[in-house]
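J.: Below you will find the structure I want to go over with you.
The values are calculated or read from the model by the stated rules, or taken from the named source; none is laboratory data. On a predicted model such as this, the values are computed, not experimentally measured, just so you know. Don't worry about glycine lacking a Cβ; one is built from the backbone with ideal geometry, like all the others, and counts go over all protein chains shown. The area values use the complete protein model at the heavy-atom level, side chains included, leaving out ligands, DNA and RNA. Shrake-Rupley method; radii C 1.70, N 1.55, O 1.52, S 1.80 Å.
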Amino acid sequence: CVVSGTHVTPPHSTIRPGFPVPVNTNNPEVRKAARFGVYRYNNSSNDLFLFKESQIKKAMVQIVRGLKYMLHVEIKRTVCEKRDHPSLDSCHFQREKNLQQMLRCYFEVWITPWTHKVHIPVAHCH
């Protein structure tokens, strides 16, 4: 994804362009970014079930032609099967012991609000 434009710093922000800073893991924008990372994981996994974020462990944001989120996220297998394509919000985590699975992921999610573009250069889960 080609992103053009200049650094955009929100008014009265203490964040300087180019420096990653910690951000609250409950921040709605952080949660949205984590969900994008999960979509990317689900699209590339061979699992029969969809995964969903269970906990955002750590979040950083960097202002660089938009907002680049660096997220450490735990994701868990849900009861929703991929082929059904339900909304992740309505997917509950697996309760069956032998189907439960948790993965630790690192996502980099780059959002450019003025172009409505989302780019996820990094999505590592193990």
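J.: For the range 33-63, give me each residue that is of a type in the set (A, V, I, L, M) and open to solvent by 30 Å² or more (accessible area, probe 1.4 Å).
T.: Kept after step one, since they are of a type in the set (A, V, I, L, M), are these residues of the range 33-63: 33-34, 38, 48, 50, 56, 59-61, 63.
Those that are of a type in the set (A, V, I, L, M) and open to solvent by 30 Å² or more (accessible area, probe 1.4 Å): LEU48, MET60.
J.: Counting only residues that are within 16 Å of SER44 (Cα to Cα), in contact (Cβ under 8 Å) with a residue 24 or more places away in the chain and open to solvent by less than 70 Å² (accessible area, probe 1.4 Å), how many does the range 89-126 have? Let's see the steps before the verdict.
T.: Keep residues of the range 89-126 that are within 16 Å of SER44 (Cα to Cα), which gives 103-109, 119-126.
With the extra rule that they be in contact (Cβ under 8 Å) with a residue 24 or more places away in the chain, the set shrinks to 103-109, 119-120, 123, 125.
Still in the list and also open to solvent by less than 70 Å² (accessible area, probe 1.4 Å): 103, 105-109, 119-120, 123, 125.
Result for the range 89-126: 10.
J.: Could you tell me which numbered condition VAL30 fails, if it satisfies all but one of (1) in contact with a His (Cβ under 9 Å, 6 or more places away or on another chain); (2) surrounded by 19 or more Cβ atoms within 10 Å (Cβ to Cβ); (3) aliphatic (A, V, I, L, M)?
T.: It is condition (1) that VAL30 fails.
J.: For the range 66-78, check the following and say yes or no: at least one residue is open to solvent by 30 Å² or more (accessible area, probe 1.4 Å) and of a type in the set (Val, Ile, Thr).
T.: The initial filter retains those residues of the range 66-78 that are open to solvent by 30 Å² or more (accessible area, probe 1.4 Å), namely 67-68, 72, 76-77.
Pick out the ones that are also of a type in the set (Val, Ile, Thr) and you get none.
No, there is no match, as no residue in the range 66-78 is open to solvent by 30 Å² or more (accessible area, probe 1.4 Å) and of a type in the set (Val, Ile, Thr).
J.: Right, next: Within the range 7-115, which strands (runs of 3 or more DSSP E) (wholly inside it) include 2 or more residues that are over 22 Å from CYS125 (Cα atoms) and at pLDDT 95 or above?
T.: Working: elements: 49-63, 67-81, 102-112.
Counting at least 2 such residues, we get no strands (runs of 3 or more DSSP E) at all.
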